[in-house]
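Reading through the structure tokens given below for one structure.
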Amino acid sequence: MSDREEEEETDLTTTVTDEPNPPLIEYEPQISLQMNLPDKKKRYLAWNRFGTVVVRKELAFLSVDIDLNEGKRKTVRTHINVYLAALGADAVVLSGMDSSKKGENGETGVLLFYQFNSWALNHDWTQTLPPQEVVESVAIGDNWVAVYTSRRFVRIFSFTSLQLAVFMIPGPIVALVGNGPLIAISYHSGRPSDNADQKLDYLLYNVAQKKQERTGGLPLSPGSQLSWLGFSLNGVGLFSLKLSNICPRLLTFFSLLFRLLFQGSHRG
């Protein structure tokens, strides 16, 4: 081999060896789906078939307007920094933090519960969570409210403020919804894959029977995110909506399978 050929081979080897590897992209897990739509003067915390919950900032307090579709309104004025709400047919639960009780232990979550058309004792109540535990998601059903906290606890309370159950879920929450005696929870079971696929599981819990009905993986289209989770009006079906760059898909859970119920048109 000549000196020139040896030099060319050496240069070729050096070029291949020193070529940098392409950078790895780490995709972030999607955030929780709790409604909190900002506006110039107000925020919508809930909007469903029962009505709306809107919070307005006044000079010395927050004003929470609960407008029911049947034409009734309830206004709550509080110094609690309310940022979450769940509205049911018979009651509403608000969640926030009490800045006046902030100390060495940091922020502490507070629940505010108001029942409509009730003559029962303790139909309105306030519940303070343990120190350094704040609410990240809320849901409401038949005679119960549920919260997911920063310690990954799901706490379930009766309409009379009695704590019915406390359990943990394995990962950060994505969605928490309720209907009748059922709670549906979607949470992260791992980090997204290299092609941006979210890894989500779901859990279905029966409050009345105090047991887990079923659990499993929540199917998603490649590269899409969960955009909505909810029940049918009769509480039989569990639905999930995924949005991607291609088209929306609505799946329904039936006979232990998520089946395609609707697929929208492709986006241009």
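With both labels modelled 7 Å from their Cα along Cα-to-Cβ, the PHE61 to LEU204 distance reads 4.3 nm.
Amide H contacts of LEU84: SER95, each under 5 Å away and 5 or more positions distant or on a separate chain (H built 1.01 Å from N in the peptide plane; Pro and chain starts excluded). Toward the positive end of the charge dipole of the range 127-215, with +1 on the Cβ of Lys and Arg and -1 on the Cβ of Asp and Glu, the farthest Cα among THR128, LEU176, GLY190 is that of THR128.
Simple spin-label estimate for THR126 and ASN81 gives 1.6 nm between the two label positions (7 Å along the Cα-to-Cβ direction from each Cα). Between LEU164 and ILE156, PHE157, SER158, the built amide H atoms are under 5 Å apart, and every one of these is 5 or more places off in sequence or on another chain.
Taking Lys and Arg as +1 and Asp and Glu as -1, the other residues whose beta-carbon sits under 9 Å from that of VAL147 total 0.
Residues whose amide H comes within less than 5 Å of that of TRP228, counting only those at least five positions distant or on another chain, are LEU241 (H built at 1.01 Å from N in the peptide plane). Across the protein chains, with a 1.4 Å probe defining accessible surface, the residues ARG43, ARG151, ARG77 rank ARG77, ARG151, ARG43 from largest area downward. When the surface is traced with a 1.4 Å probe over the full set of protein chains, THR128 keeps roughly 60 Å² accessible.
The values are calculated or read from the model by the stated rules, or taken from the named source; none is laboratory data. Here the structure is a predicted model, which means the values were calculated and not measured. Cβ: placed from backbone, ideal geometry, glycine included. Neighbour counts: every protein chain shown. In case anyone asks, the SASA skips ligands and DNA or RNA and just uses the protein heavy atoms, side chains included. Shrake-Rupley method; radii C 1.70, N 1.55, O 1.52, S 1.80 Å.
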